[in-house]
Amino acid sequence: MAGKYEPKVVGFCCHYCAYSAADLAGSMRLEYAPNVRIVKVMCTGRVDTLHLLKAFEDGADAVFVAG
Amino acid sequence: MIVAERKPFAEIKEKIKDYKKLLVLGCGTCVSVCQAGGEKEVELLATELRMVNKMDDREVEIGELTIQRQCDREYIEPIIEKAKEYDAVLSMACGAGVQFVAEILEEIPIIPAVNTRFIGVTADEGLWLEKCRACGNCLLADYGGICPMTMCAKSLVNGPCGGYKDGKCETSRERDCAWVKIYERLSKQGKLDRMREGFSLKDYSVQSHPARQVNEAYTKPELAAAKEK
């Protein structure tokens, strides 16, 4: 396999905290790894087992919930 | 409602291992409420199956479908053609639903994905308790609305045994004595004299299986004619 392993990471982020933090990081020109894909949710209470399973099913190597 | 629980994943996986095209069929009534086999559980199980098949390098097509009731012909008939596109149906309904779908689809194997537990109530979030044994001869009016057939470990219908202690059953200290509960309930209702009267005999003859229920007002004329002959 060419190149080193780059895990695909999906993050479910709360609109009011974790997502805002990521947004602020962007405003401050701070970088985070491009293999992290963020999905904004209005509240992490909205995140369901199904969301996590579907992310894995569609090829994510890791999933995190931040809120 | 009928309460069920999903079978262990390993058991489901073993039963479906020979099929290449599988339809996961949910039921939108009782098993949906008790979170065992509704639309969401269908999605969860189908996702789990797809992932495990991918990990095992197996090519299996998994379809998902949930109908309102698997115990009602009118909800099954619209999906017959769809179901015939599959090698097997993994039904998440109770035992009644599984059998009725099997009877209607006939040539297609039906595999149950849940274990049917009991007729019960939602006591709390994620907690269901058995309340009725479907004995066919309800005497709850005599027992203050507490069923000794279900709640008593020995299904005694004419008073407690000698084994209870501090309101608990001799089979388990966790279990309330049904008859202590009945006494307390009748006491609250001011109907304790009901216990002194003795209880009517219970008709166990109505418990023959498989049971059958007919509402003649709705019976089709041809069936009524056949009955008269």
Exercise. Within region B:195-223, how many residues are at pLDDT below 85, farther than 15 Å from residue B:157 by Cβ and hydroxyl-bearing (Ser, Thr, Tyr)?
Worked result: 1
Seminar exercise, completed: Residue pairs qualifying under the 7 Å Cβ cut-off, at least six apart or on distinct chains, with the first in region B:146-162 being not assigned by TED's automatic domain parsing to the domain that holds residue B:172 and the second being aliphatic (A, V, I, L, M), are none
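Given the criterion among the acidic types (Asp, Glu) and either in contact (Cβ under 8 Å) with a residue 24 or more places away in the chain or surrounded by 13 or more Cβ atoms within 10 Å (Cβ to Cβ) (or both), identify the matching residue among B:130, B:174. First the steps, then the outcome.
Values: B:174 fails: either in contact (Cβ under 8 Å) with a residue 24 or more places away in the chain or surrounded by 13 or more Cβ atoms within 10 Å (Cβ to Cβ) (or both).
Matching residue, one of B:130, B:174: B:130.
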Exercise. Would you say residue B:48 is over 18 Å from residue B:111 (Cβ atoms), of a type in the set (Asp, Glu) and within 14 Å of chain A (Cβ to nearest Cβ)?
Worked result: no
Exercise. Among (1) surrounded by 14 or more Cβ atoms within 10 Å (Cβ to Cβ); (2) within 14 Å of another protein chain (Cβ to nearest Cβ); (3) in contact (Cβ under 8 Å) with a residue 40 or more places away in the chain, where does residue A:61 come up short?
Worked result: (1)
Seminar exercise, completed: Of the residues in region B:105-120 that are part of a strand (DSSP E or B) and over 11 Å from the mean Cα position of the chain (by Cα), the one that is surrounded by the fewest Cβ atoms within 10 Å (Cβ to Cβ) is B:111
For this session: Tell me which residues, restricted to region B:26-45, are polar (S, T, N, Q) and away from chain A (no Cβ under 14 Å).
Result: B:29, B:32
For this session: Report those helices (runs of 4 or more DSSP H) wholly inside region B:125-225 carrying at least 2 residues which are under 28 Å from residue B:31 (Cα atoms).
Result: B:148-151
For this session: Being more than 15 Å from residue B:96 (Cα to Cα) and hydroxyl-bearing (Ser, Thr, Tyr) is the filter here, so list the residues in region B:1-34 that pass it.
Result: B:19
For this session: Enumerate the helices (runs of 4 or more DSSP H) found wholly within region B:28-95, keeping only those where 3 or more residues are buried (at least 19 other Cβ atoms within 10 Å of the Cβ) and in the same structural domain as residue B:12 (by TED's automatic domain parsing).
Result: B:30-33, B:39-55
Exercise. Looking at region B:15-24, is at least one residue buried (at least 19 other Cβ atoms within 10 Å of the Cβ), away from chain A (no Cβ under 14 Å), in contact (Cβ under 8 Å) with a residue 12 or more places away in the chain and outside any loop (DSSP other than H, G, I, E, B)?
Worked result: yes
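The values are calculated or read from the model by the stated rules, or taken from the named source; none is laboratory data. Note that the structure is a prediction, hence the values are computed from the model and not measured. Cβ sites come from the backbone with ideal geometry, for glycine too, and all protein chains shown count toward neighbours.
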